[in-house]
Amino acid sequence: MKRNILGLAVLLLVLSGCVGTPDREGWHSAQKEAFLKILQNDTYLSICGNTALANEVRRSKDSLLMSKMLVTYANNLANGCLDIASFKKAQEARKSDDYSTDYIFYYQKVDPQAIKMQLKAGQSIEQILKPYVPPYREFKRLVDVYHAYKKDPNVSRELLHKIRLNIERIKLMKPITGKAYALVNIPEFRVRIIEKGKTALSMKVIVGKKNKQTPIFSEELQYVVLSPQWNVPDSIARKEVIPKALKNPSYLKRHRLVIRRDYNLDSPALNFADLNAGSYVGNKEKIPFKFIEIPSKKNGLGRVKFLFPNRHSVYMHDTQSKYLFKRSVRCYSHGCVRLGRPREMLRYIIEHYTATTPEEAQKMYDSLKTHFIAIKRKLPVHTAYLSVYVEDDGSVHLFKDIYGYDRLQKLNFNE
C-alpha cells in the first residue's frame with residue numbers, strides 16, 4: 001500500500017514537471033521556468049512597482065531573488081497595487097454631514113513560509129498563486145483586454161490607466177469560494193447575477209446620489225422581504241422628515257409614516273406633538289424614537305427588498321419612482337440600490353436560492369403583509385466600482401467616473 005502511495009506521489013511530481021531534487025531555496029527547475037514565463041508576460045499584472053527586481057530575477061535566475069519576487073508577486077496579486085493611504089486620506093477629506101462615502105478593501109494574508117513549503121513540496125506556480133487570483137470573471141476579462149490593448153499603438157495611455165485601476169479594484173474585492181454572486185456595478189447603474197461565469201440575470205439599477213454614495217462592500221444575501229416596512233434612518237429623519245412634519249401637520253399621515261420607540265410596528269404608537277422633535281434637527285444627538293413607513297402598495301421601498309445585512313444599512317429594493325429608469329445617469333437614492341425589474345429579481349431568487357415555491361411566494365406577495373423568506377443557497381452581493389466593463393460578447397464599455405474614484409485612486413507605481 002505504501003509503495004502504491006509513493007508511486008502516485010512520484011507520478012504527480014512527474015506530471016507537474018517537479019521531479020528531482022529542489023535547490024536550497026526549494027525551487028524545482030519546472031517551477032522556475034513557469035515563474036519566469038509569468039514574469040515575462042506579467043500574466044496577472046502583479047509586478048507593479050517591482051520591475052527592477054523582476055528584471056534581475058529574469059537575468060540571474062537567482063533562487064533567493066526569485067523567492068522574494070514570488071512572495072511580492074503573490075502579495076500584489078492578493079492585495080492590489082493602489083496607493084490606499086492617499087485614497088483614504090482623500091475620502092476622509094470628502095466626508096461631512098452632507099456627504100457620505102465609504103469604500104471597503106478586503107485584504108488577504110500572504111505567508112512567505114507557506115509559499116516556501118509549497119515550493120519544496122513540488123506544487124506548481126499556478127497552484128501556489130491560485131488562492132490569490134481574484135475568482136471573478138471580470139478580472140480575467142480586464143487583464144486580457146489590458147494585455148491586448150498594451151500591444152495596440154492606437155490605444156491611449158489614459159485608457160490603459162483606467163483599465164488598470166479597475167483591475168486593481170477587483171484584486172481588493174472580497175474573495176469568494178462559490179461560483180455564483182451578484183454584482184452591482186455602480187458606474188454602469190446595473191446589477192447582474194453571475195453563475196458559473198455567465199450572466200444569469202441583468203437589470204438597470206438606481207444608486208446613491210453623488211453626495212450620498214452607495215458604499216463599496218460585500219456581504220451575503222440572507223433574506224427576501226415581501227411588503228417591507230421602511231425604517232427611516234435617523235439621518236433622514238433629522239434632515240428631512242422632522243423639518244417637513246414641523247411645517248406641515250399632515251405630512252406624516254400623507255406619507256404613511258408612524259412613530260415608535262424602535263422599529264417594531266407592534267410597539268405602542270407615539271404622538272409627534274409630544275416628542276419635542278425639533279430639538280433633534282441640526283445635531284447628531286441620538287433620536288429616541290423612530291419613523292416607520294408602513295407596508296403598502298405605495299411604500300417607498302415598493303413591494304420587495306433583498307437584505308444582505310451590513311453596517312451601512314444598504315440593500316436592494318423595489319421603488320415607486322419607475323420613471324427614473326429612463327434616465328442614463330441614475331444617482332437618486334440615499335445609498336440603497338433600487339431595482340429596475342424587482343419582480344423578475346424576486347422570481348429568480350425564489351426559484352434558485354430559497355426553499356419557497358413561486359406559488360407560496362405569490363400568496364405572500366398578494367397578502368400585503370410583511371414576510372421574510374430565508375436564502376438557502378449562498379449568494380454574495382458585491383457593490384463594485386468598475387468604470388470599465390467587458391460584456392459576455394467581449395465588448396468593452398467605459399463609464400463616467402460618477403463618484404470620482406478614477407480621479408482619487410492612484411496606482412502605487414509608475415506605469
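The values are calculated or read from the model by the stated rules, or taken from the named source; none is laboratory data. Treat the numbers as computed from the prediction; the structure is a model and nothing was measured. Glycine gets a Cβ as well: all are built from the backbone with ideal geometry, and neighbour counts include every protein chain shown.
Between K210, K198, K247, which is of a type in the set (K, R) and either in the same structural domain as D98 (by TED's automatic domain parsing) or free of Cβ contacts under 8 Å to residues at least 24 places away in the same chain (or both)? First the steps, then the outcome.
Working: K210 fails: either in the same structural domain as D98 (by TED's automatic domain parsing) or free of Cβ contacts under 8 Å to residues at least 24 places away in the same chain (or both); K198 fails: either in the same structural domain as D98 (by TED's automatic domain parsing) or free of Cβ contacts under 8 Å to residues at least 24 places away in the same chain (or both).
The unique qualifying residue is K247.
Within segment 14-47, can you find the residues that are in a helix (DSSP H, G or I), crowded, with 17+ Cβ neighbours inside 10 Å and either at pLDDT below 95 or acidic (D, E) (or both)?
S16
To keep it simple, each residue is scored yes or no on (1) surrounded by 21 or more Cβ atoms within 10 Å (Cβ to Cβ); (2) assigned by TED's automatic domain parsing to the domain that holds F87; (3) more than 30 Å from C48 (Cα to Cα).
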residue: S328; (1), (2), (3): no, no, yes
residue: L346; (1), (2), (3): yes, no, yes
residue: L368; (1), (2), (3): no, no, yes
residue: I375; (1), (2), (3): no, no, yes
residue: D392; (1), (2), (3): no, no, no
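Working only within segment 356-406, note down all residues that are under 17 Å from Y103 (Cα atoms) and among the hydroxyl-bearing types (S, T, Y).
Matches in segment 356-406: T383, Y385, S387, Y403, Y405.
Only one of A374, A361, A384, A355 is in contact with a His (Cβ under 9 Å, 6 or more places away or on another chain), at pLDDT 95 or above and on the phi < 0 side of the Ramachandran plot; which?
Values: A374 fails: in contact with a His (Cβ under 9 Å, 6 or more places away or on another chain); A384 fails: in contact with a His (Cβ under 9 Å, 6 or more places away or on another chain); A355 fails: in contact with a His (Cβ under 9 Å, 6 or more places away or on another chain).
Of the residues listed, the single one that is in contact with a His (Cβ under 9 Å, 6 or more places away or on another chain), at pLDDT 95 or above and on the phi < 0 side of the Ramachandran plot is A361.
Can you say whether R192 is modelled with pLDDT of 95 or more and either of a type in the set (K, R) or in a loop (DSSP other than H, G, I, E, B) (or both), as far as the supplied structure shows? Please lay out each step first, then the result.
Details: modelled with pLDDT of 95 or more: yes; either of a type in the set (K, R) or in a loop (DSSP other than H, G, I, E, B) (or both): yes.
Taking the combined requirement at face value, the residue satisfies it.
In segment 132-163, which residues are surrounded by fewer than 19 Cβ atoms within 10 Å (Cβ to Cβ), more than 20 Å from I194 (Cβ to Cβ) and not aliphatic (A, V, I, L, M)?
Correct list: H147, Y149, K150, K151, D152, P153, N154, S156, R157, E158, H161, K162.
Every residue in segment 316-326 that is buried (at least 21 other Cβ atoms within 10 Å of the Cβ) and either in contact (Cβ under 8 Å) with a residue 40 or more places away in the chain or among the basic types (K, R) (or both), please.
Going through segment 316-326, the residues buried (at least 21 other Cβ atoms within 10 Å of the Cβ) turn out to be 316-319.
Once the filter is applied, which keeps residues that are buried (at least 21 other Cβ atoms within 10 Å of the Cβ) and either in contact (Cβ under 8 Å) with a residue 40 or more places away in the chain or among the basic types (K, R) (or both), segment 316-326 yields M316, H317, T319.
Considering segment 195-222 alone, what residues qualify as being within 16 Å of L324 (Cβ to Cβ) and part of a strand (DSSP E or B)? Walk me through it before giving the result.
Looking only at segment 195-222, we keep the residues that are within 16 Å of L324 (Cβ to Cβ), and these are 203-210, 212, 214.
Scanning segment 195-222 gives M203, K204, V205, I206, V207, G208, K212.
Of the residues that make up segment 270-290, is at least one of a type in the set (G, A, S), in contact with a Lys or Arg (Cβ under 6 Å, 6 or more places away or on another chain), exposed (fewer than 15 other Cβ atoms within 10 Å of the Cβ) and free of Cβ contacts under 8 Å to residues at least 24 places away in the same chain? Talk me through it step by step, then tell me what you get.
Initially, segment 270-290 is screened for residues of a type in the set (G, A, S), giving 273, 277-279, 282.
When the remaining residues are screened for being in contact with a Lys or Arg (Cβ under 6 Å, 6 or more places away or on another chain), the result is none.
Looking through segment 270-290, none of the residues is of a type in the set (G, A, S), in contact with a Lys or Arg (Cβ under 6 Å, 6 or more places away or on another chain), exposed (fewer than 15 other Cβ atoms within 10 Å of the Cβ) and free of Cβ contacts under 8 Å to residues at least 24 places away in the same chain.
Can you say whether S235 is small (G, A, S), closer than 23 Å to T383 by Cβ and either surrounded by fewer than 21 Cβ atoms within 10 Å (Cβ to Cβ) or not assigned by TED's automatic domain parsing to the domain that holds L324 (or both), as far as the supplied structure shows? Write out each step before concluding.
On the way: small (G, A, S): yes; closer than 23 Å to T383 by Cβ: yes; either surrounded by fewer than 21 Cβ atoms within 10 Å (Cβ to Cβ) or not assigned by TED's automatic domain parsing to the domain that holds L324 (or both): yes.
In short, yes.
Just give me the residues in segment 216-228 being surrounded by fewer than 18 Cβ atoms within 10 Å (Cβ to Cβ) and farther than 17 Å from V304 by Cα, in sequence order.
E220
Return a yes/no flag: does segment 239-260 have any residue that is of a type in the set (F, W, Y) and part of a strand (DSSP E or B). Before the answer, list the steps.
We begin by selecting, within segment 239-260, every residue of a type in the set (F, W, Y); these are 251.
The next check asks that each one be part of a strand (DSSP E or B); those that pass are none.
Checked against the condition, which is being of a type in the set (F, W, Y) and part of a strand (DSSP E or B), segment 239-260 yields no hits at all.
I'm told P131 meets every condition in (1) farther than 21 Å from I216 by Cα; (2) in contact (Cβ under 8 Å) with a residue 12 or more places away in the chain; (3) touching a helix residue (DSSP H, G or I) at 6+ places or on another chain (Cβ under 7 Å); (4) not charged (D, E, K, R) except one. Can you identify the failing condition by its number?
Evaluating P131 over (1) farther than 21 Å from I216 by Cα; (2) in contact (Cβ under 8 Å) with a residue 12 or more places away in the chain; (3) touching a helix residue (DSSP H, G or I) at 6+ places or on another chain (Cβ under 7 Å); (4) not charged (D, E, K, R) leaves (3) as the failure.
Checking R192 against (1) more than 20 Å from the chain's Cα centre (by Cα); (2) more than 18 Å from D42 (Cα to Cα), which single condition isn't satisfied?
Failing condition for R192: (1).
Which one of these is outside the structural domain of S218 (by TED's automatic domain parsing), at pLDDT 95 or above, more than 17 Å from the chain's Cα centre (by Cα) and part of a helix (DSSP H, G or I): V145, V155?
Working: V155 fails: part of a helix (DSSP H, G or I).
So the residue among V145, V155 that is outside the structural domain of S218 (by TED's automatic domain parsing), at pLDDT 95 or above, more than 17 Å from the chain's Cα centre (by Cα) and part of a helix (DSSP H, G or I) is V145.
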